[in-house]
Amino acid sequence: MLARHSNVVVSRGISCCIRRAHYPKRSSFALLGGRPGCGGGGGSGSCASSPTLFNPGIGAAAVSSSERVCFRASSVRMAGGGADGGEGSASHKYTNRLAQEHSPYLLQHAHNPVDWYPWGEEAFERARAEDKPIFLSVGYSTCHWCHVMEVESFENEEIAKLQNDWFVNIKVDREERPDVDKVYMTYVQASQGGGGWPMSVFLTPELKPIVGGTYFPPDDKYGRPGFKTVLKRVKEVWESKKELLRETGKQVVQQLAEATAAIAPTQDLNESSTPAQAVSLCAIQLSKGFDAKLGGFGGAPKFPRPVEVALMMRNYKRLEQQGKDSAATRALEMALFSLQCMANGGMHDHVGGGFHRYSVDEYWHVPHFEKMLYDQAQLVNVYLDAFAAVKDHTYSYVARDVLDYLIRDMTHPEGGIYSAEDADSAETASSTKKKEGLFYIWTLQEIEEVLGKEKAQMFIAYYYVKAEGNCDLSRMSDPHGEFGGKNVLIKRPTVDVAAKFGKKPEEISQYLGQCRAQLHAYRALRPRPHLDDKVIVAWNGLAISAFARASRILLTEPPGVRYEFPVTGCHPKEYLAAAERAALFVKSKLYNEKTKRLTRSYRNGPSKAPGFLDDYAFLIAGLLDLFESGGDYKWLQWALELQSSQDDQFLDKDGGAYYSTAEGDASILFRMKEDYDGAEPSGNSISALNLLRLSLFVTGDHSNSFQNSAEHLLAVYEQRVKEVAMAVPLLCCAFDSFNFAAKRQIIIAGARNAPDTEALMTACHAPFDPDKTVFLIDESNPEERAFWQLVNPPALAMARRSPDGKPLAYVCQNFTCQAPLADPVALEQLLRQTFTGPKISSFKLGSVSK
């Protein structure tokens, strides 16, 4: 069922092209401003364009992209071995080089009859020596259509023989090697107007692209070329036109490199109006797609894309500061309503916690059941923002729900956070077939058997459970009827359970928690989806941020709140411990203290891939949040160290902004600068915010350097914001942060972890304020005092406790500071007000004014 695993994107002058499994990041060169939605699919079936093979030397090897075809792939046998691939004790008919790899995705293919190589010189050398083209297959371990193509083609001995005879075959885990993925995905998107995974690209022995596509069925169907046909056609054209293909490949790479080379000749934004308008411009564009009935910004399939909510929350705050109360309320309502609808929908795992990848329908109901760490972490942060803004514990409850799921199901024994859970699972332990969603869906009979028929009735009403199945809210929910009799739990606002059953809200909450706990225990007996237990630095950076911020913001929850399963109700400090454990995992296993370099990921040992821009940027952001939430100053110290390393490897010192990859790898054909804030934010957006934050923590030339790098980066993307701001929401937030000079800087002078200090720290984080910077400085600690003396002597000079030793809070804004406060209630009240009051000095952190 293709619609359940694809989203369709419209690009400039190009009809719909499939993009599977993710809503991937796009460069400025490709798909500017594309939104989820189909420009031509219709009926009860699902549509996708045929992935036309494109290369000037080959021509079209498939039907035109305007011809569409519907597929059913609801019941496909998956590869055996699950997460372990080649690690089990079972004997296998075939074993290839991938059995020596750590990546779960590569291990899944370790016993294919295809003679797979990992990306590396051994494969390249063979291709050059034998003058054979390369078949490059890129995917990831929880990708449904990657599994389908493996079963249909890569486990097929006939097809494998064609691959082995005619090509050098390379497998790449896109999560482990995003650098390889981005180069060839840019080519596929440019030549087809869309892309996705599995990505299938044929290369010359010199790694230049010949032709690319995505998923191919094994045989020709409906006028669509099968994989066997594609293999034969590429082989024939290579034999007859290889020099032309080589030359064409060189030209294509040159054009792509030029198209993705964003630079700014000047770093000066002083005369530009863009910084002041960026958030408003993006909010206006997003608002045009707002679904006032069902929430979200755009139609089905619906992706959470947390950066959109973050942008609307910042827009709300800015409008509130400007006294535009009506517009501010509207912005806040759009953000809150979207969060409510996502939490109520089936995209939210009500029984086990966490969120699935996206919803195939407009109701946020029937999801693509995969769970990704980057979604969980970013969603936690926007739910925390919502709670801070309105103090409705509905939002803090959802944040806890996700964090508790990560701790329970997604955490390495030593603290790292795993990457993902698959959408597919087997029906029984002995089954060789897997289907999507089996682990998560329910029949009415199952629920009644687990809970008891009488007890189940309130649960059934609350979650819209029906004997015939509940995937009937939209024609897009279940177009092929494969969920007949099955239920995806969803809260429906039209059902007043309290009135129907004569119960108080707290009684219903307790009852539902008990039911969820029982169903969770029952569900745990089912075969679980595959767990991708890689620990990726970038995604752990996002998770560190979420855990750290939760540890402080959730301390402001109202007293007496009762938590029900799957929320544990733990003390928020446990989340700080989780953040610190994840940070320690990365530092101890994936960071070289001597070279100051990161490794991309860990699974049974560090991967071979180096850290990329996203790894540095996302981790730095997480460490800054960890420090500002009360973590040790050494996290800030490491963040500064990592920023220096990031600049050394990725910064374009002349043209501005950051490349995604470092120099030196000859197998990466060109270096890209990415800006698109999609399922994951771009490394440049996060870096811009990091630089602006870091400039406030340090003084003098160091501070100026961070500020100048941020300004130069923003100058690179000024035109991008003007053209299509909604493609870069987080970058718009960075423009806004650069423009907003009146940031609050709060210094807490006190002993770390002391109760009085903790109370002041919690007060700092009680209001929603994206513009604050929080310093906790313990001047009695000699090592910490030496650190601040080195990086920011003025801040250290201010960090003085009261004469009787009590911690004090200093609030500075607009180049002035308020009188210090020792009372956390008074501090919170002050932070909720416009800056007024007695001045004690003319002081800006990082400089001293007389």
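Can you go through Asp665, Asp648, Asp677 and tell me which one is farther than 30 Å from Asn781 by Cα and modelled with pLDDT under 95? Steps first, please.
Numbers: Asp648 fails: modelled with pLDDT under 95; Asp677 fails: modelled with pLDDT under 95.
Among Asp665, Asp648, Asp677, only Asp665 is farther than 30 Å from Asn781 by Cα and modelled with pLDDT under 95.
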Taking region 459-508 as the region of interest, how many residues are at pLDDT below 95, of a type in the set (A, V, I, L, M) and under 27 Å from Leu438 (Cα atoms)?
-> 1
Out of all the residues in region 215-224, is one or more closer than 20 Å to Pro118 by Cβ, in contact (Cβ under 8 Å) with a residue 40 or more places away in the chain, over 33 Å from the mean Cα position of the chain (by Cα) and not in a helix (DSSP H, G or I)?
-> no
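For region 806-832, give me each residue that is of a type in the set (Gly, Ala, Ser) and either within 14 Å of Lys772 (Cβ to Cβ) or modelled with pLDDT under 95 (or both).
Ala809, Ala819
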Count - residues of region 166-180 that are within 22 Å of Thr248 (Cβ to Cβ) and under 20 Å from the mean Cα position of the chain (by Cα) = 1
Any idea which residue in region 546-580 is modelled with the highest pLDDT, counting only those that are among the aliphatic types (A, V, I, L, M) and within 16 Å of Glu506 (Cα to Cα)?
-> Val567
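One residue is enough: does region 659-670 have a residue meeting the conditions free of Cβ contacts under 8 Å to residues at least 24 places away in the same chain, closer than 29 Å to Val180 by Cβ and among the small types (Gly, Ala, Ser)?
Keep residues of region 659-670 that are free of Cβ contacts under 8 Å to residues at least 24 places away in the same chain, which gives 663-664, 666.
Retained after the next criterion (residues that are closer than 29 Å to Val180 by Cβ): 663-664, 666.
Narrowing the set further to residues that are among the small types (Gly, Ala, Ser) leaves 664, 666.
Yes: one or more hits.
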Using the structure shown, decide if Val211 is crowded, with 22+ Cβ neighbours inside 10 Å, β-branched (Val, Ile, Thr) and in a strand (DSSP E or B).
-> yes
Mind telling me which of the residues Ala550, Ala538 ends up being under 26 Å from Thr762 (Cα atoms), in contact with a helix residue (DSSP H, G or I) (Cβ under 6 Å, 6 or more places away or on another chain) and either buried (at least 16 other Cβ atoms within 10 Å of the Cβ) or in contact (Cβ under 8 Å) with a residue 60 or more places away in the chain (or both)?
-> Ala550
For region 97-151, the count of residues that are polar (S, T, N, Q) and in contact with a Gly (Cβ under 7 Å, 6 or more places away or on another chain) equals 1
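For every residue, the table says whether it meets (1) over 21 Å from the mean Cα position of the chain (by Cα); (2) in a helix (DSSP H, G or I); (3) not basic (Lys, Arg).
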{"position": "Ser326", "(1), (2), (3)": "yes, yes, yes"}
{"position": "Ala331", "(1), (2), (3)": "yes, yes, yes"}
{"position": "Met342", "(1), (2), (3)": "no, yes, yes"}
{"position": "Gly346", "(1), (2), (3)": "no, no, yes"}
{"position": "Gly352", "(1), (2), (3)": "no, no, yes"}
{"position": "Gln376", "(1), (2), (3)": "no, yes, yes"}
{"position": "Asn381", "(1), (2), (3)": "no, yes, yes"}
{"position": "Leu384", "(1), (2), (3)": "no, yes, yes"}
{"position": "Thr394", "(1), (2), (3)": "yes, yes, yes"}
Residues in region 658-702 that are under 21 Å from the mean Cα position of the chain (by Cα) and under 30 Å from Lys208 (Cα atoms) total 18
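Tyr462 - would you say it is surrounded by 13 or more Cβ atoms within 10 Å (Cβ to Cβ), in contact with a helix residue (DSSP H, G or I) (Cβ under 6 Å, 6 or more places away or on another chain), in contact (Cβ under 8 Å) with a residue 40 or more places away in the chain and under 30 Å from Gly560 (Cβ atoms)? Steps first, please.
Working: surrounded by 13 or more Cβ atoms within 10 Å (Cβ to Cβ): yes; in contact with a helix residue (DSSP H, G or I) (Cβ under 6 Å, 6 or more places away or on another chain): yes; in contact (Cβ under 8 Å) with a residue 40 or more places away in the chain: yes; under 30 Å from Gly560 (Cβ atoms): yes.
For Tyr462, the condition - surrounded by 13 or more Cβ atoms within 10 Å (Cβ to Cβ), in contact with a helix residue (DSSP H, G or I) (Cβ under 6 Å, 6 or more places away or on another chain), in contact (Cβ under 8 Å) with a residue 40 or more places away in the chain and under 30 Å from Gly560 (Cβ atoms) - is met.
Matching residues to (1) in contact (Cβ under 8 Å) with a residue 12 or more places away in the chain; (2) under 19 Å from Gly353 (Cβ atoms):
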residue: Met476; (1), (2): yes, no
residue: Pro479; (1), (2): yes, no
residue: His520; (1), (2): yes, yes
residue: Ala524; (1), (2): no, yes
residue: Leu531; (1), (2): yes, yes
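Conditions tested, residue by residue: (1) surrounded by fewer than 21 Cβ atoms within 10 Å (Cβ to Cβ); (2) among the aliphatic types (A, V, I, L, M); (3) within 28 Å of Ala300 (Cα to Cα).
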residue	(1), (2), (3)
Asn470	no, no, yes
Arg475	yes, no, yes
Pro479	no, no, yes
Leu489	no, yes, yes
Selection within region 653-685 - more than 9 Å from Leu613 (Cβ to Cβ) and β-branched (Val, Ile, Thr) = Ile668
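Within region 547-574, track down each residue that is touching a Leu at 6+ places or on another chain (Cβ under 7 Å) and of a type in the set (Gly, Ala, Ser).
Let us first name the residues in region 547-574 that are touching a Leu at 6+ places or on another chain (Cβ under 7 Å), namely 547-551, 553, 564, 572.
Result: Ala548, Ala550, Ser551.
The values are calculated or read from the model by the stated rules, or taken from the named source; none is laboratory data. Treat the numbers as computed from the prediction; the structure is a model and nothing was measured. Don't worry about glycine lacking a Cβ; one is built from the backbone with ideal geometry, like all the others, and counts go over all protein chains shown.
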